[in-house]
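To start, the structure itself, in structure tokens.
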Amino acid sequence: MSVIGREAIPKRSKSTLKLPKFTWAWLSIPSLLLAWMLIATQFPSYILPQVWDVAEEGYRWFINGELFPHLWASFLEEVGGFGSAIVVAIVCGFMAGFYKGFREYIVPLNGLFMAIPPIAWAPLMLIIFGIGYTTIIVVIFISAVNPMILTIMEGVLTIQGSEVRAARALGAKKIQLFLYVYLPASLPFITAALRIGFSQAWRALVAAEMIGATQGLGWMVSMGGEIGNSRQVLLGIVLIGGVSWMFERLFFRQIEKRYEVWRLN
Amino acid sequence: MSNIERIGGDSLLIDDVHFNYGAGAIFDGLSIDVQPGEFLSIIGPSGCGKTTLLNLLSGFLFPRQGSIKLRGKPIAPEDPHFGYVFQHATLFPWLTTVENVEFGLRMEGNLSPLERREKATRYLQLVGLEGFENYLPRHLSGGMQQRVSLARALVMEPRLLLMDEPFGALDAITRETMNDELLRLWDELGQTVVFITHDIDEAVYLSDRIVVLHRPPNGIFRDLSNDLPRPRSGPTTRTSELFWQYKKELIADIAVVANTTNPNSDDDFDDGPSARLLQEAAL
Ligand SMILES: Nc1ncnc2c1ncn2[C@@H]1O[C@H](COP(=O)(O)OP(=O)(O)OP(=O)(O)O)[C@@H](O)[C@H]1O
Ligand SMILES: [Mg+2]
């Protein structure tokens, strides 16, 4: 399992230092900012602030240290809800992939839960757990775990029987089959599941914080709305998008790239 | 190339084997006695039970009655007493060539990582893939992949080699090359080989003995001993009188066997995990 990276690819010509090639993607964010600035000129700053106003607001939150408790709270909730969803989804996903009976049992439940927008659970959880971490973590968990179970299950089902057979013919016993065949073969779709789960969890997190929290990025936005501070609202939105985008780019994309080398469609 | 020791082969005794999946019997008292180091080809119409037979030999399936003995002892399903080469290279796509070859040794756990690597590298050389150690399977051609599968099976030094239409998916030219390659390896290593094929030329070219299977449960239709002289080589062997004679006989046999009416016709043959496995592998 060690060599998945560079060594594994047939030799390529030496890459020289070059500017990355232009793609139209370079224009997407700048054009959005430009549009924002243009539209903002038509409104007073307290309704639609300019880009630099929001940047300044961010700087202020950053300097006086107010920002971190919110980021930290959101981060903890995401870790709690998403983390427990990962564990449960891996266990249930593999079981559903391996055992037909369990699959038949759990798929309708997944479908049912996925049909309900996770935020609809928030009021009930508020009643049960009150305002705070638990409520939000439960809502995140519900939203992330179901698509993840399905993704992992589908993946396990696509693992080729022939690979398992080959491994058995080479003397692999049960645990070895899991460790050396099922696990590596499932890494690509576990990654896919993590990615889906993360974004589901993040959405649920923000939504839940807007209803049932006293801190966090979602709270920043909803509170900003209540007190009529559009700078704070926009700052919150930018941070919500930015954090998610960062995870996507720096984390999931990078993992996924490694499998693309051998992944068969 | 001779830095690999001769492995040798075991005798294989298939004795009065009965087997059925469900209602109809597939084998109803099949007996074949394979000599140590013999190259046996099995040929027969689709659905006649060739893959089933290999699965019985490898211990994936158990006979309902009768026994299968390797060197006089009943086969134990838990230890891999055989090398298995599948119709389509079932290499692990996440492992490099050399790691694929190492796989069985790793499961066995008797060698240090360094020794494993060294041994796997030697077997890769043996199948002519020196320099491709760090390639991923998808960067190899079909023929090369099948060589890796062969090396992966051979590295375990099995005294019995089971091959289920290993070159069936290759083009004619590659297939002939692979045939010569296999003969060279077999000559060097000396295992007992049970080789399944649809291809009459291949069967005649490779084997010491050819068993034609009838549709179930009729068992063996013909047991032909192949006296073509060895060493064989494409130009001489394939054009010799005897080669053509065997070929003619087998064509006639197959025509008979294939025309026997049977509910499992070639085309709608699609049931059963083993059959499905092969089809999956074909995708
Ligand atoms: N798991 C199974 N359950 C029930 N029937 C099966 C199963 N596997 C195979 N069969 C049946 O047993 C018969 C023999 O199958 P087998 O796969 O051994 O044929 P084969 O000779 O290898 O055919 P082919 O040349 O097409 O690979 C077929 O009629 C098939 O439908
Ligand atoms: Mg078959």
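The values are calculated or read from the model by the stated rules, or taken from the named source; none is laboratory data. All of these numbers come straight from a predicted model, not from anything done at the bench. Here the Cβ positions follow ideal geometry from the backbone for every residue, glycine too, while neighbour counts run over all protein chains shown. These area figures cover heavy atoms from the full protein model, side chains too; ligands, DNA and RNA do not enter into them. Shrake-Rupley method; radii C 1.70, N 1.55, O 1.52, S 1.80 Å.
Between the DSSP loop rule and a limit of at most 16 other Cβ atoms within 10 Å, which trypsin sites (Lys or Arg not before Pro) in region A:99-184 are left?
A:Lys173
Out of A:Gly80, A:Gly236, A:Gly101, any idea which swings most in a Gaussian network model of chain A, alpha carbons joined below 10 Å?
Looking only at A:Gly80, A:Gly236, A:Gly101, the biggest GNM fluctuation is shown by A:Gly101.
Taking the Kirkwood radius as the inverse of the mean 1/r across Cα pairs, report the Rg/Rh of region A:15-93.
Using Cα coordinates only, the ratio equals 1.19.
5 Å is the cut-off here: which amide hydrogens, built 1.01 Å from N in the peptide plane, fall below it relative to B:Val85, excluding neighbours closer than 5 in sequence?
The answer is B:Leu162, B:Met163, B:Asp164.
Given a Förster distance of 25 angstrom, what is the FRET efficiency for A:Leu157 paired with A:Lys257, based on the Cβ-Cβ distance and rounded to 0.05?
0.55
Which helices, counted as full DSSP H runs in chain A, have an axial Cα extent of no less than 15 Å and a Kyte-Doolittle average of 0.5 or above?
Flagged H segments are A:25-40, A:67-98, A:133-158, A:183-212, A:230-247.
Return the subset of B:Lys69/B:Lys119; B:Lys50/B:Lys119; A:Lys174/A:Lys257; A:Lys174/B:Lys69; A:Lys18/A:Lys257; B:Lys73/B:Lys248 for which the Cα-Cα distance in this structure is over 27 Å, preserving the input order.
Going by Cα-Cα distance, B:Lys69/B:Lys119; B:Lys50/B:Lys119; A:Lys174/A:Lys257; B:Lys73/B:Lys248 fall outside the 27 Å limit.
With a point put 7 Å past each Cα toward its Cβ, work out how far B:Asp227 is from A:Phe68 in nm, to one decimal.
Simple spin-label model gives 9.3 nm for this pair.
Simple spin-label model, 7 Å along Cα-to-Cβ: B:Lys69 to B:His198 in nm?
3.6 nm
Based on a Kirkwood Rh over C-alpha pairs, give the Stokes-Einstein translational diffusion coefficient of the protein assembly as shown at 25 °C and viscosity 0.890 mPa s in µm²/s.
For the chosen part, D equals 88 µm²/s.
What's the magnitude of the charge dipole for region A:63-179 around its Cα centre, counting Lys and Arg as +1 and Asp and Glu as -1 at the beta-carbon? Answer in Debye, nearest 20.
My answer is approximately 720 debye.
How many nm separate the modelled label positions at B:Arg122 and B:Ala76, each set 7 Å beyond the Cα in the direction of the Cβ?
With each label placed 7 Å out from Cα toward Cβ, I get 2.5 nm.
Whenever you get a sec, line up B:His139, B:His88 from highest to lowest accessible area (probe 1.4 Å, protein heavy atoms).
B:His139, B:His88
With r as the distance between the Cβ atoms of A:Thr23 and A:Phe129 and R0 = 45 Å, compute the FRET efficiency 1/(1 + (r/R0)^6) and round to 0.05.
0.45
Provide the descending list of Cα extents for region A:173-265 along its principal axes, expressed in whole angstroms.
Largest to smallest, the principal-axis extents are 62, 25, 18 Å.
Over region A:51-262, what is the mean sequence separation of C-alpha contacts under 8 Å (at least six apart), divided by residue count, expressed as relative contact order in percent?
27 percent
Could you give the length gained on full extension between A:Gln42 and A:Tyr105, defined as 0.36 nm per residue of separation minus the Cα-Cα distance, in nm?
Taking 0.36 nm per residue and subtracting the Cα distance, the gain is 17.0 nm.
Run the helix sum for chain A: -39,500 (n - 2.57) per DSSP H stretch of 4+ residues, divided by residue count, reported at 222 nm to the nearest 500 deg cm²/dmol.
-23500 deg cm²/dmol
Rounded, prolate or oblate: which fits region B:59-215, taking a ≥ b ≥ c as square roots of the Cα gyration tensor eigenvalues, rounded meaning a/c under 1.5, else prolate when a/b beats b/c?
Judged from the Cα gyration tensor, region B:59-215 comes out oblate (a/c at least 1.5, b/c at or above a/b).
Which of these, B:Ala252, B:Ala89, B:Ala203, has the largest mean-square fluctuation under a Gaussian network model of chain B (Cα springs below 10 Å)?
Ranking B:Ala252, B:Ala89, B:Ala203 by mean-square fluctuation puts B:Ala252 first.
Using the Kirkwood radius over C-alpha pairs as Rh, can you work out the diffusion coefficient of region A:51-262 via Stokes-Einstein at 37 °C, viscosity 0.692 mPa s, in µm² per second?
The estimated diffusion coefficient comes to 174 µm²/s.
If the elastic network links every pair of Cα atoms under 10 Å, which of B:Lys248, B:Lys50, B:Lys119 fluctuates the most in the Gaussian network model of chain B?
Looking only at B:Lys248, B:Lys50, B:Lys119, the biggest GNM fluctuation is shown by B:Lys248.
Please list B:37-45, B:6-14 highest first by mean number of surrounding beta-carbon atoms within 10 Å per residue.
B:37-45, B:6-14
Could you give the distance between the Cα centres of region A:151-175 and region B:1-61, to the whole Å?
24 Å
Output the Cα-based Rg and Dmax of region A:68-142 in Å, rounding Rg to one decimal and Dmax to a whole number.
Cα only, region A:68-142: 14.6, 47 Å (Rg, Dmax).
When only alpha-carbon atoms are used, what values of Rg and Dmax, in angstrom, describe region B:84-157?
In Å, with Rg to one decimal and Dmax whole: 10.9, 31.
Run through region B:57-126 and list the GluC sites (Glu not before Pro) located in a DSSP loop whose Cβ has at most 12 other Cβ atoms within 10 Å.
Those that pass, being in a loop and sparsely packed, are B:Glu78.
Using a 1.4 Å probe and counting only protein heavy atoms, arrange B:Asp79, B:Asp199 so the residue with the most accessible area comes first.
B:Asp79, B:Asp199
Want the number for A:Glu56 to A:Phe75: 0.36 nm per residue separation, take away the alpha-carbon distance, what's left?
4.5 nm
Which residues does a label at A:Lys173 reach in region B:110-135, if reach means a backbone N under 17 Å from a point 7 Å past the Cα toward the Cβ?
It comes to B:110-111, nothing else.
Restricting things to alpha carbons, tell me how big chain B is in terms of Rg and Dmax, in Å.
18.5, 56
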